[in-house]
Amino acid sequence: METIPLDLRALPPDQQVERLKDQYRLLRGQGAVVRARLGALPARQYISLLERGYRVALDKEGADYVIELRPDGSTPRLGWRGAHSVASHADGRVYANTTGNRVAVIDGSTRRVMKHIAAGADPSHLELSRDGGRLYVANAESNDVTIIDTAGDRTVATAPCGKRPLLPCVAPDGNALFVPSGPERSVTVLGRDGALRKTVPVGLAPHDIAVSPDGRWAYQPNSASHHVTVIDARDFSVAAEVPAGLGPGHIAFDPESRFAYVANTLSDDVTVIRTSDHEAVARIPAGRGAHLPAVDRAGRFGYAANFASDDLTVWDCRDYRVVATIPVGIYPHFFAISPDGNRLVVSNTGESSVCLIDARAHETRARLEVGGAPAHIAFSPDSECAFVGCERSDEVAVIDLRRQSVIEMIRAGQSRSA
């Protein structure tokens with residue numbers, strides 16, 4: 001196996017990432033390994049490449065950090081964004097972003113596309129309010145949020161926000177939407193119909209913000225400054241900044257809002273923060289590239305998807321002891337727990353498959369082939385089906401969870417009359 005050394009220390013972070021992507025295109029299929037010397041801790045570069053599905057590892061040589069890229073180790077998400085994010089309405093409708101700057105509205109029972117709704121440029125992530133009345137679409141290229149009234153599936157507002165919004169989060173009462181912006185190091189807070197309520201400064205490379213189930217706090221992990229900004233969800237002031245591990249990316253709260261679990265992608269662990277005083281009280285070891293956490297509905301077990309080690313870490317929330325490591329497929333970009341709590345569904349973006357896991361036994365029961373680059377997951381209200389957005393093929397996979405089979409591949413970009 002040929003090893004190709006690169007010295008990228010003279011380049012800014014964005015250009016370092018682009019050079020590594022160029023190496024992927026040049027060396028794909030040749031069995032080569034690229035070792036790129038980058039200098040200081042490359043938090044944004046490493047997380048950006050992991051998020052897109054490139055098979056990378058982080059090493060240190062002397063005073064410098066090195067990213068190792070294996071072009072043949074995974075299939076990254078390339079090009080314009082197809083069906084990546086999905087949301088499920090209580091009445092059975094399913095929403096998915098799709099090509100052509102649109103959102104597809106799908107009848108979950110007939111599994112047909114009912115209509116398309118125009119969005120902004122490059123719609124990336126969807127967020128449905130708890131009451132189901134509003135669907136929020138973050139548009140990464142037009143730097144705004146499309147707000148859809150789901151009663152008639154019509155756009156009621158387009159609200160400006162910070163640059164490159166990706167992961168909006170709506171408060172439980174539906175009266176505030178939090179939208180992080182990495183380039184502007186801020187969180188835009190919008191009202192239900194898009195009125196600007198506040199712009200909150202946060203840390204470097206803010207990623208996925210989360211609001212506690214009781215609606216009291218919004219926690220913003222900052223991947224490149226390695227801390228969490230705590231925002232008071234009543235007046236949107238900054239209440240605290242809590243040190244986390246290296247590269248905090250996503251956060252999950254327990255059902256009672258007593259603790260927040262922060263997955264740290266560079267230090268391969270999970271920080272536990274007590275919300276009563278915003279103190280870090282524990283550190284849970286996880287796998288390589290720990291990125292996405294979740295807590296079950298009983299508050300008993302927590303999980304972290306490990307992007308680079310292709311597994312899920314399971315811990316007991318009573319004592320933070322790791323109780324299982326569940327192997328899955330290549331690059332588990334996303335996973336979710338079914339509403340009835342019986343199953344975990346894991347998207348293996350690097351190999352276009354989905355794993356179905358028994359949530360009680362913590363064992364994989366099935367591994368199913370789906371469309372290209374499976375990503376976010378939603379469930380039918382009765383927990384009978386899972387809907388998986390497949391970005392590269394612009395499809396939504398429908399999985400029968402009892403039969404453990406794929407029963408439909410819906411072409412999200414295709415109109416009903418086509």
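Values as computed for the structure displayed
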read-out	value
Considering residues of segment 71-110 that are at pLDDT 95 or above and of a type in the set (Lys, Arg) only, the residue nearest to Glu351 (Cα to Cα)	Arg102
Among residues of segment 279-300, those that are farther than 21 Å from Ala375 by Cβ and either hydroxyl-bearing (Ser, Thr, Tyr) or in contact (Cβ under 8 Å) with a residue 60 or more places away in the chain (or both), counted	1
Top-ranked residue of segment 269-285 - restricted to ones that are in a loop (DSSP other than H, G, I, E, B) and of a type outside the set (Gly, Ala, Ser), ranked as surrounded by the fewest Cβ atoms within 10 Å (Cβ to Cβ)	Asp277
Conditions (1) farther than 14 Å from Val94 by Cα; (2) surrounded by fewer than 24 Cβ atoms within 10 Å (Cβ to Cβ); (3) modelled with pLDDT of 95 or more; number of the one not met by Leu344	(2)
Only listed residue being closer than 28 Å to Arg81 by Cα and not small (Gly, Ala, Ser), chosen from Pro332, Pro285	Pro332
First in segment 338-361 and outside any loop (DSSP other than H, G, I, E, B), second anywhere and polar (S, T, N, Q) and buried (at least 20 other Cβ atoms within 10 Å of the Cβ), Cβ under 8 Å, 6 or more apart	Leu344/Ser338; Val345/Ser338; Val354/Ser347; Val354/Asn348; Cys355/Asn348
Filtered residue count, segment 249-268, keeping only those that are crowded, with 21+ Cβ neighbours inside 10 Å and over 23 Å from Pro172 (Cα atoms)	4
Pick from segment 314-337, criterion touching a residue at least 12 places away in the same chain (Cβ under 8 Å) and in a loop (DSSP other than H, G, I, E, B), ranking: nearest to Ala375 (Cα to Cα)	Tyr331
Some residue of segment 13-28 being over 23 Å from Pro248 (Cα atoms), assigned to a loop (DSSP other than H, G, I, E, B) and in contact (Cβ under 8 Å) with a residue 12 or more places away in the chain	yes
Ala308 being small (Gly, Ala, Ser), surrounded by 19 or more Cβ atoms within 10 Å (Cβ to Cβ) and modelled with pLDDT under 95	yes
From the options Gly389, Gly372, residue that is closer than 24 Å to Gly73 by Cα and part of a loop (DSSP other than H, G, I, E, B)	Gly372
Scan of segment 132-141 for residues that are over 19 Å from Asp173 (Cα atoms) and crowded, with 17+ Cβ neighbours inside 10 Å, ordered by number	Ala138, Asn139, Ala140
The one condition in (1) crowded, with 17+ Cβ neighbours inside 10 Å; (2) more than 22 Å from Cys390 (Cβ to Cβ); (3) small (Gly, Ala, Ser) that Ala119 fails to fulfil	(2)
Cβ-Cβ under 8 Å pairs, at least 6 apart or on other chains, segment 34-54 side in contact (Cβ under 8 Å) with a residue 12 or more places away in the chain, far side in a helix (DSSP H, G or I) and among the polar types (S, T, N, Q)	Val34/Gln23; Ala36/Gln16; Ala36/Gln23; Leu38/Gln16; Leu38/Gln45; Pro42/Gln16; Gln45/Gln16
Lone unmet requirement of (1) surrounded by 13 or more Cβ atoms within 10 Å (Cβ to Cβ); (2) in contact (Cβ under 8 Å) with a residue 24 or more places away in the chain; (3) more than 19 Å from Ser74 (Cβ to Cβ) for Pro5	(1)
Within segment 224-268, tally of residues that are part of a strand (DSSP E or B), farther than 25 Å from Glu51 by Cα and in contact with a Pro (Cβ under 8 Å, 6 or more places away or on another chain)	1
Residue match in segment 286-294 (condition: at pLDDT below 95, assigned to a strand (DSSP E or B), more than 20 Å from Ile231 (Cα to Cα) and not charged (D, E, K, R))	yes
Lone qualifier among Gly53, Gly73, Gly100 - being in a loop (DSSP other than H, G, I, E, B), more than 20 Å from Ala378 (Cα to Cα), small (Gly, Ala, Ser) and under 19 Å from the mean Cα position of the chain (by Cα)	Gly53
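Every residue, every condition in (1) charged (D, E, K, R); (2) in contact with a Lys or Arg (Cβ under 7 Å, 6 or more places away or on another chain); (3) within 27 Å of Leu78 (Cα to Cα); (4) at pLDDT below 95, yes or no:
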{"residue": "Arg321", "(1), (2), (3), (4)": "yes, no, no, no"}
{"residue": "Tyr331", "(1), (2), (3), (4)": "no, no, yes, yes"}
{"residue": "Cys355", "(1), (2), (3), (4)": "no, yes, yes, no"}
{"residue": "Glu395", "(1), (2), (3), (4)": "yes, yes, yes, no"}
{"residue": "Glu408", "(1), (2), (3), (4)": "yes, yes, yes, no"}
{"residue": "Ala412", "(1), (2), (3), (4)": "no, no, yes, no"}
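The values are calculated or read from the model by the stated rules, or taken from the named source; none is laboratory data. Owing to the predicted nature of the structure, the values given are computational and were not obtained by experimental measurement. Cβ atoms come from the backbone with ideal geometry, glycine included; neighbour counts cover every protein chain shown.
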